Amino acid sequence: SEGQKRKINFAIAISFRDFVTTIADFKINLLFLDEVLDISTDLEALQDMIRLVKSKVREIGNIYLITHRGDAFEEYFDGCVEATNDGRYSSLRQFKMTPTAINY
């Protein structure tokens with residue numbers, strides 16, 4: 001199913017980052033997750049994935065989740081940058097940062 005594929009892609013992204021960090025013996029302090037949670041993810045799986053991402057913040061340092069379902073995820077994260085596109089140009093429309101996000 002598409003939901004299972006999403007879960008596998010998510011697990012691969014997290015595992016690959018951990019694998020490269022271990023093999024290369026250096027710290028990778030960025031992780032970009034591009035639309036891995038957007039499609040065919042039920043609420044329970046989505047919450048599990050978000051918990052896993054949040055548990056990795058201290059280890060990784062900076063995690064960026066790119067999504068088209070921003071309203072569904074905003075409450076789970078400390079910071080939010082919303083980009084809009086008018087068909088010609090992209091721009092930042094909103095920036096949200098809670099005090100706990102600064103501590104990371």
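Does any residue in region 12-33 that is at negative phi come within less than 6 Å, Cβ to Cβ, of a residue that is open to solvent by 70 Å² or more (accessible area, probe 1.4 Å) and not charged (D, E, K, R) six or more places away or on a different chain, and which pairs are these? From residues that are at negative phi, the pairs are F32/Y64. Within region 34-56, the set of residues being in contact (Cβ under 8 Å) with a residue 24 or more places away in the chain and small (G, A, S) comprises S40, A45.
Looking only at region 1-16, residues that are surrounded by 14 or more Cβ atoms within 10 Å (Cβ to Cβ) and basic (K, R) come to 2 in all.
Of all residues in region 17-57, those that are under 14 Å from T67 (Cβ atoms), among the hydrophobic types (A, V, I, L, M, F, W, C), in contact with a strand residue (DSSP E or B) (Cβ under 7 Å, 6 or more places away or on another chain) and open to solvent by 20 Å² or more (accessible area, probe 1.4 Å) total 1.
The values are calculated or read from the model by the stated rules, or taken from the named source; none is laboratory data. This is a predicted model, so every value here is computed, not measured. A quick note on method: Cβ atoms are made from the backbone with ideal geometry, for glycine too, and the neighbour counts reach across all protein chains shown. Note: areas computed on protein heavy atoms with side chains; ligands, DNA, RNA excluded. Shrake-Rupley method; radii C 1.70, N 1.55, O 1.52, S 1.80 Å.
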